[in-house]
Amino acid sequence: MEGLVKSLTDHYILFDNTYAGKTVLVTGHTGFKGSWLALWLHVLGAKVIGYALEPPTDPSMFDSINLSSKITHIVGDVRDFDYVSTILETYQPEIIFHLAAQPLVRLSYYEPRLTYETNVMGTVNLLEAVRHTPSVRVVVNITSDKCYDNKEWDYSYRENDSLGGFDPYSSSKGCAELVTSSYRNSFFSKPDGVRVASARAGNVVGGGDWAVDRIVPDCIRSLQANLPVSIRNPHAIRPWQHVLEPLSGYLWLGSLLWTKGQTYAGAWNFGPDSRSNITVQEVVEKIIKTWGSGTWQASSETGVKLHEARFLKLDCTKANNLLRWYPVYNIDQTLKVTTSWYREYYRRTVDMYDYSIRDIENYVRAALMQGVAWASSADGEGEV
Ligand SMILES: NC(=O)c1ccc[n+]([C@@H]2O[C@H](COP(=O)([O-])OP(=O)(O)OC[C@H]3O[C@@H](n4cnc5c(N)ncnc54)[C@H](O)[C@@H]3O)[C@@H](O)[C@H]2O)c1
């Protein structure tokens, strides 16, 4: 085993060691969150099978860490039921994380059919294939905080609030939630049935995201090109969390579903604490500070004005109480770690695979200091 990975697995017990040696399918492994998840699972000793289209951006997290050389990389479409079924039959995964999606709100206005076909029928295809694959014990479907019917109020949203979505992306995620709960109720509800959960998180930041129309990648692209960062809504408040935060929630949820069964099936919110809800302007200023140079300017929107929902707060009491899951990084750490990743990427002096594993290790160390439930030290230090 590689030195860095070994040092992590030797020193920490993570997620009750559930993933070591397991066959885990990650759909959407060529994307931003999926690459980080596949990397973390690889570090945990899982046999990772990735199923997705080619990376959605260039550059990409997937290529930056050369993930195709570490896991089984399959290029496939979740709209292709036959191929999804073949892959499940061939690899017989035990645990599945479903992240493959068309994830962009603005694109969903231009490509609504693609969005629904991918996000809704993609989920149906996967769950249908799971029905015919006896090896599968756990499925975690990654949807979004946007799956809720956004009533534009100040209260936080709980898992049993009504689903909805104004734009095609948001409503496709509400639909994906309904599909997931229908399959759970109809086909997987027996005590020995497949344990199916869904995970709802919002606005995630971290190194390796180059998607269009997302503030951090937009900001980094401008800084790298020595251009002022152009901000559409500097005073808009958004929730921000580092990508490793929801991933720790997904992995812990998957582990508890594996070890403890149907008690943990259902829907779960994984959001930041409210101190991480800051304005876009503050985010950009913090990024510029860590980057070391740069300026920003307010821009007026050109072209078609699309409906932009008011930001929606997640109530994470369920995950706090039943999973003992909490965010680890404050907003300054989140943005510093994120910006530093990109800075190292563009300096091209370090191997980003090693660097990203160190990011995971630093996050685990910070989590241990806070006594999270999903990590303990194999040396007996800092145990909870
Ligand atoms: N990034 C965020 O802030 C955020 C917030 C809430 C929810 N999410 C959800 O998390 C998941 C991952 O998002 P991301 O930011 O990593 O997106 P991303 O665009 O970086 O990755 C999407 C992945 O899905 C794959 N994909 C797209 N269409 C596909 C298809 N038809 N068949 C197979 N694979 C397909 C892509 O190849 C890629 O691997 C998505 O379900 C998204 O809705 C993301």
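Tally time: how many residues in the stretch 274-308 are exposed (fewer than 15 other Cβ atoms within 10 Å of the Cβ), in contact with a helix residue (DSSP H, G or I) (Cβ under 9 Å, 6 or more places away or on another chain) and assigned to a loop (DSSP other than H, G, I, E, B)? The qualifying residues number 7. When ARG221 is tested against (1) within 16 Å of the ligand (Cβ to nearest atom); (2) free of Cβ contacts under 8 Å to residues at least 12 places away in the same chain; (3) farther than 17 Å from GLY292 by Cα, just one condition goes unmet, and that condition is (3). Taken over the stretch 89-105, the criterion of being away from the ligand (no atom under 11 Å from the Cβ) and either closer than 17 Å to GLY31 by Cβ or part of a loop (DSSP other than H, G, I, E, B) (or both) is satisfied by GLN92, PRO93, GLU94, ILE96. Condition check: in a strand (DSSP E or B), of a type outside the set (D, E, K, R) and open to solvent by 20 Å² or more (accessible area, probe 1.4 Å). Does SER230 satisfy that? Considered against the rule, which asks whether it is in a strand (DSSP E or B), of a type outside the set (D, E, K, R) and open to solvent by 20 Å² or more (accessible area, probe 1.4 Å), SER230 comes out as yes.
The set of residues in the stretch 55-70 being open to solvent by less than 30 Å² (accessible area, probe 1.4 Å) and not in a loop (DSSP other than H, G, I, E, B) consists of MET61, PHE62, SER64, LEU67.
Look at (1) of a type outside the set (A, V, I, L, M, F, W, C); (2) assigned to a helix (DSSP H, G or I); (3) away from the ligand (no atom under 15 Å from the Cβ) and you find that ARG113 fails only one, number (3).
Checking SER172, SER198 one by one, the residue that is crowded, with 23+ Cβ neighbours inside 10 Å, part of a strand (DSSP E or B) and within 11 Å of the ligand (Cβ to nearest atom) is SER198 and no other.
Could you check the stretch 319-347 and list, in sequence order, the residues that are buried (at least 17 other Cβ atoms within 10 Å of the Cβ) and in contact with a strand residue (DSSP E or B) (Cβ under 9 Å, 6 or more places away or on another chain)? Those that are buried (at least 17 other Cβ atoms within 10 Å of the Cβ) and in contact with a strand residue (DSSP E or B) (Cβ under 9 Å, 6 or more places away or on another chain): ALA319, LEU323, TRP325, PRO327, VAL328, TYR329, ILE331, THR334, LEU335, VAL337, THR338. Return a yes/no flag: does the stretch 21-39 have any residue that is open to solvent by 40 Å² or more (accessible area, probe 1.4 Å) and over 19 Å from the mean Cα position of the chain (by Cα). Checked the stretch 21-39: at least one residue is open to solvent by 40 Å² or more (accessible area, probe 1.4 Å) and over 19 Å from the mean Cα position of the chain (by Cα). When every residue of the stretch 1-10 is checked against the conditions, none turns out to be polar (S, T, N, Q), without any contact (Cβ under 8 Å) to a residue 60 or more places away in the chain and buried (at least 18 other Cβ atoms within 10 Å of the Cβ). In the stretch 71-83, the residue that is surrounded by the most Cβ atoms within 10 Å (Cβ to Cβ) out of those that are more than 8 Å from the ligand (Cβ to nearest atom) and within 21 Å of the chain's Cα centre (by Cα) is ILE71. Take ALA46 and tell me if it is over 13 Å from the mean Cα position of the chain (by Cα), open to solvent by less than 50 Å² (accessible area, probe 1.4 Å) and either within 9 Å of the ligand (Cβ to nearest atom) or of a type in the set (Asp, Glu) (or both). Answer is no for this residue. Among residues of the stretch 33-60 that are among the hydrophobic types (A, V, I, L, M, F, W, C), those with a Cβ under 8 angstrom from a residue that is modelled with pLDDT under 95 and open to solvent by 10 Å² or more (accessible area, probe 1.4 Å), sequence gap 6+ or separate chain, pair up as VAL43/THR9; LEU44/THR9.
The values are calculated or read from the model by the stated rules, or taken from the named source; none is laboratory data. This is a predicted model, so every value here is computed, not measured. Cβ: placed from backbone, ideal geometry, glycine included. Neighbour counts: every protein chain shown. Keep in mind that these areas ignore ligands, DNA and RNA; they rest on the heavy atoms of the full protein, side chains included. Shrake-Rupley method; radii C 1.70, N 1.55, O 1.52, S 1.80 Å.
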